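Working notes for the structure below.
Readers should treat all values here as calculations from the given coordinates under stated rules, not as data from a laboratory. Worth saying up front: this structure is predicted, and the values here are computed from it rather than measured. So basically every Cβ, Gly included, is an ideal-geometry build from the backbone, and we count neighbours across all protein chains shown.
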Amino acid sequence: MDQRVGITITEHLLREQRESPEATGAFTYLLNELIVAAKVISREVNKAGLVDILGATGDVNIQEEQVQKLDVFANRVIIERMRHVGQLCCMGSEEMADLIEIPPQFPKGNYILLFDPLDGSSNIDVNVSIGTIFGIYKTESPDTDFDFLLSEVLQPGTKLVAAGYFIYGSSTIMVYTTGNGVHGFTLYPSIGEFLLSHPNIRIPEKGKIYSVNEGNYRYWDEKTKAMVEYFKTKDKETGRPYTSRYVGSLVADFHRNLLKGGIFMYPADLKDPKKPAGKLRLMVEANPLAMVVDQAGGYASDGHGPVLEIKPQELHQRIPLYIGSKKDVEMAEAFISEKLTL
Ligand code: P6P
């Protein structure tokens, strides 16, 4: 009897490709190569405790964050694998100040890959789930001189052709969308394949979980404090107080809320005058996850409107982020944009 192992990610991508008349296979090839990079990262993350790859390198990245060795490794794996695929005109990484050029010896393509190679790095050596976040745009002008490509990269999230993440935890899971729903795959190390485990993910319209770092309370404005207080206030009719869950790893917090429902918040705060809009990055974190949650029936806001509609001004632009169950994010937005007073 045919012991089918289930639908592999490659089979799923090919099915999606067949449903797009204009598809040439270039995108499927691109995503498959990114998946190989994620498998390599997953292997290192899962054995990090056994080899000297834990801990910081002593360097500091563009975000002025202590660079962990696995950060450097993950960033290098993705860049070195993706630059020769022949489907990209450039890349942007959370770890790199500027756009990453495709070396002249490799063919270029029409796609742009933006990624956070290993989000949640502060959790690396305490065995908490971490992840890779990616977003893929297309450009109509792939031959634009590299010095002028940034204008092709700074597209609103509504223009993303694909987005998703890999979460390296108790198992390695890939969640992605190309605009036809959200699908999750679990890596089976014994066969080295991602198999469909979460078809057509839908986030509950309203949740019971709120995720925020309340250690930043004193740095929030009054609207933010009132908004967080709302989720903590007892009210039987609206199922409050919500439960607090905060891992400090965006991919882990987002993934839990995507499956169970709830809201993740990283509000603007006055903790670091250089980062008045909060900590999270529009291009490599907020936009890709906003596409995923939108496709799963949820919502992502910067407190005043849809994240996906923000016109990016710079590659490492930060924004406040409220993302998850639609009704919860709309409630948070009402507080922050002052459309609501209780
Ligand atoms: P804080 C990890 O460094 C990260 O970028 C996200 O993964 C996470 O959600 C956030 O920072 C945690 O930040 O300030 O609460 O420690």
³J(HN,Hα) computed for each position of segment 111-121 - Karplus, 6.51 cos²θ - 1.76 cosθ + 1.60, integer Hz, glycine/proline x: 9, 10, 10, 10, 8, 10, x, 8, 6, x, 3
Starting from the Kirkwood radius over alpha-carbon pairs of segment 209-336, derive D by Stokes-Einstein at 25 °C in a medium of 0.890 mPa s and give it in µm² s⁻¹. 169
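What's the exposure ranking of Phe106, Phe148, Phe264, going from fewest to most Cβ atoms within 10 Å? Intermediate values should be presented prior to the final figure.
Numbers: Phe106 13, Phe148 9, Phe264 27.
Ranking Phe106, Phe148, Phe264 by Cβ neighbours within 10 Å, fewest first, gives Phe148, Phe106, Phe264.
Above 28 Å lies some portion of the pair distances; for segment 9-198, what is it as a whole percent of all C-alpha pairs? Intermediate values should be presented prior to the final figure.
On the way: 4434 of 17955 pairs.
Percentage above 28 Å: 25.
Quote the relative contact order of segment 9-198 in percent (integer), defining contacts as alpha-carbon pairs under 8 Å separated by 6+ residues. Don't skip to the end; give the middle numbers.
Working: 321 pairs, mean separation 27.6, N = 190.
Once divided by the residue count of segment 9-198, the mean separation gives 15 percent.
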Can you compute the modelled spin-label distance between Asn46 and Lys275, with each label point 7 Å from Cα toward Cβ, in nm? 3.1
Fewest Cβ neighbours within 10 Å first, please rank Ile167, Ile191 accordingly. Ile191, Ile167
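For the chain, give the magnitude of the charge dipole about the Cα centre (Cβ charges: +1 Lys/Arg, -1 Asp/Glu; no others), in debye to the nearest 20. Could the numbers behind the result be given before it?
On the way: 36 positive and 45 negative charges, 245 e Å.
Roughly 1180 debye for the chain.
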Pairing the Cα long axis of helix 69-82 with the longest principal axis of the chain, what angle in degrees results, from 0 to 90 and rounded to the nearest 10? 50
Please arrange Lys279, Lys223 by counting, for each residue, the other beta carbons lying within 10 Å of its beta carbon, fewest first. Lys223, Lys279
Points 7 angstrom from Cα along the Cβ direction at Phe146 and Gln66: gap in nanometres? 3.3
Mind checking the dipole of segment 99-199: about its Cα centre, +1 per Lys or Arg Cβ, -1 per Asp or Glu Cβ, Debye to the nearest 20? 340
Spatial separation of Cα centroids for segment 108-173 and segment 284-312, in angstrom: 14
Interchain or sequence-distant (5+) residues whose placed amide H lies within less than 5 Å of the amide H of Asp59 are Val67
If r is the Cβ-Cβ distance from Glu205 to Ser244 and R0 is 25 Å, what FRET efficiency results, to the nearest 0.05? 0.75
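Tell me, rounded to the nearest percent, the portion of alpha carbon pairs in the chain spaced more than 31 Å apart. It would help to have the intermediate numbers written out before the result.
Numbers: 18053 of 58311 pairs.
Value for the chain: 31 percent of Cα pairs lie more than 31 Å apart.
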How are the C-alpha pair distances of segment 79-184 spread across 5 Å bins, as whole percents from the shortest bin up? 2, 12, 21, 21, 19, 13, 8, 3, 1
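Report the net charge of residues surrounding Ile203, where surrounding means a beta-carbon distance below 9 angstrom and charges are Lys +1, Arg +1, Asp -1, Glu -1. Before the final figure, lay out each step's value.
Numbers: positive: Arg202, Lys260, Lys326; negative: Glu205.
Net local charge, Ile203 excluded: +2.
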So what's the net charge close to Gly239: Lys and Arg +1, Asp and Glu -1, counting the other residues with Cβ under 13 Å from its Cβ? +3
